[in-house]
Amino acid sequence: MFTGTYTAIVTPFREGVIDEPALRELIRRQIKGGVEGIVPVGTTGESPTVDFDEHIRIIEIAVGAVEGSPLKVLAGTGANSTVEAVELTQRAEAAGADGSLQVAPYYNRPTQEGLFQHFKAIARATRLP
């Protein structure tokens with residue numbers, strides 16, 4: 001389902017606020033450049049530093065910006081907290097993302113079974129790959 005080149009896109013800010021026009025322009029450049037998809041709100045997209053509403057807004061902007069193009073949006077929705085990762089992934093799905101990018105919880109370092117349960121909970125809570 002996901003092949004080719006995906007850009008882990010940065011999130012531009014102006015005076016501490018998401019610079020929505022600049023983000024849309026960055027995405028337009030990706031479309032023009034011929035990539036197959038983008039990854040908003042990954043670690044290069046400021047996921048550890050934006051608040052929940054900003055996180056979702058970045059995904060919404062990305063989904064809207066690729067509308068009418070063949071680009072896919074893999075929304076960065078991973079988190080150390082399973083509950084947060086589930087909610088972000090569900091909200092990304094509602095926003096129209098094509099898939100989610102998850103991270104292994106890196107702060108609390110769960111066991112192998114804990115990792116399995118974390119990803120299982122996310123997978124069961126959404127239809128996004």
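The values are calculated or read from the model by the stated rules, or taken from the named source; none is laboratory data. On a predicted model such as this, the values are computed, not experimentally measured, just so you know. Because the Cβ atoms are built from the backbone with ideal geometry, glycine has one as well, and the counts that use them run over all protein chains shown. Quick note on the areas: whole protein, heavy atoms, side chains included, nothing else; ligands and nucleic acids left out. Shrake-Rupley method; radii C 1.70, N 1.55, O 1.52, S 1.80 Å.
Structural remarks
- Taking the Kirkwood radius as Rh and the Cα radius of gyration as Rg, segment 60-128 has a ratio of Rg/Rh equal to 1.04.
- Of the trypsin sites (Lys or Arg not before Pro) in segment 70-129, those whose Cβ has at most 13 other Cβ within 10 Å and which sit in DSSP loop: Arg127
- Estimated 222 nm signal from helices in the chain, with DSSP H stretches of n ≥ 4 weighted -39500 (n - 2.57), rounded to 500: -14500 deg cm²/dmol
- Computed about the Cα centre, the dipole magnitude for the chain is approximately 400 debye when only Lys and Arg (+1) and Asp and Glu (-1) carry charge, each at its Cβ.
- Carbon/sulfur fraction of accessible area - the chain, other protein chains in place, 1.4 Å, %: 52 percent
- Its Cα centre serving as origin, segment 1-49 has a Cβ charge dipole (Lys and Arg +1, Asp and Glu -1) of approximately 200 debye.
- In terms of its alpha-carbon gyration tensor, segment 12-74 comes out prolate; a/c meets the 1.5 threshold, and the first ratio a/b outweighs b/c.
- Between helix 82-95 and the chain there is an angle of about 30 degrees, using the helix long axis and the longest principal axis of the Cα atoms.
- Sparsely packed chymotrypsin sites (Phe, Trp or Tyr not before Pro) within segment 74-129, loop by DSSP, other Cβ within 10 Å at most 12: Tyr106, Tyr107
- For the options Val41, Val103, Val86, a Gaussian network treatment of the chain with springs between C-alpha atoms closer than 10 Å singles out Val103 as fluctuating the most.
- D_trans [Stokes-Einstein, Kirkwood Rh over alpha-carbon pairs] for the chain, 37 °C, 0.692 mPa s, µm² s⁻¹: 222 µm²/s
- Share, in percent, of DSSP beta bridges within the chain that are antiparallel, nearest 5: 20 percent
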